[in-house]
Amino acid sequence: MAALPFQREIDYPDSDGRPLAETERHRQVIVDLIYGLQQRYGETSDVYVGGNMFLYYEKGNRSAVVGPDVFVVRGVGKEVRNTFKVWEEGGRVPFLVIEVTSASTSDEDLVDKKAKYLRLGVEEYILFDPLEEYLSPSMQGFRLRGGRYVATPPRKDGSLDSATTGLVLRREGQRLRLVDAATGVPLLWIDEEKPLRRAAEARAAQEAEARHAAEARAAQEAEARRAAEARASQEAEARRREAEARFAAEARATAAEEELVRLRRELADRSRQR
């Protein structure tokens, strides 16, 4: 029987050697978005938030790849990945992709990537140009309708509603804020949350210290009460013993007096008999 030909396992690179983003501002927006979306879906066990990662969509074809800046997938676990391979994820593809775009990546983001996301069936595609280099308006969204992308109408202030997440994406300076559409509550950026977390931890430490001090005082007071109760018990026992001793002494004195009376009567009777 002829031996089967050896098949080399295909290597799917996890990096192209390029930096995370065009500029520090682009990187900041990517970090903001990933952090915010991770908070949004933190309690949802089957939603994965990724970014700056190669997404391979055709097994055996290492050129069938796209690198979203930020993406969210439903129906997969949260474990850490170096790459996202669609066939290893049960065929799941992102329902949301956000590209933090720039003039140098405009063709890729508006043409190449957009076509790939459409072919993959990504429900919602959003582009954000933080430096306002070329995109007008600087944030644009697309939703999958009938096999094609339809532009998402922006709000009056240029914000975009994300139908897939229930969030509003709002420009703040050169950053992008995520806001809960139902409550109007903004999701904090990590640099905003860190001071709040530190303050909360400091308050928690102070409260814990106050509780410990209160518990120590309560323990001291309980010990003082126990000591007072013990002293009161000892004093009561001493009084009881003193009362018993006094009662016994009085009983002995009474008995001696009665005996003396008896003896006197006996002597008197004897004297009369004589």
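A short reminder: the numbers here are calculations on the coordinates, not readings from a lab. As the structure is a prediction and not an experimental result, all values here were calculated from the model. Reconstructed Cβ throughout: ideal geometry from the backbone, glycine too, with neighbour counts over all protein chains shown.
Compute the orientation-averaged projected area for region 189-274 from the convex hull of its Cα atoms and round it to one decimal in nm². Kindly include the intermediate steps, with their values, before the conclusion.
Numbers: hull surface 25.0 nm².
That works out to 6.2 nm², a quarter of the Cα hull's surface.
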Practice task
Could you give log10 I(q)/I(0) at q = 0.15, 0.16 Å⁻¹ for the chain, computed by the Debye formula over C-alpha point scatterers of equal weight, without solvent?
Solution key: -1.13, -1.24
Practice task
List the aspartates and glutamates whose Cα lies under 18 Å from the Cα of K114, skipping any in the same chain that are fewer than 8 positions away.
Solution key: E58, D69, E99, E123, E124, D129
Handout entry: Whole-Å distance, taken between Cα centres, linking region 162-184 and region 208-274
Key = 83 Å
Completion exercise
Here region 43-142 gives, from Cα atoms, an Rg and Dmax in Å of 13.7, 39
Practice task
Name the lysines eligible as straight-distance cross-link partners of K113: C-alpha to C-alpha under 24 Å, and not fewer than 8 places from it in the same chain.
Solution key: K59, K85
Completion exercise
Each label sits 7 Å from Cα toward the beta-carbon; between E88 and D191 the label points are separated, in nm, by 3.4 nm
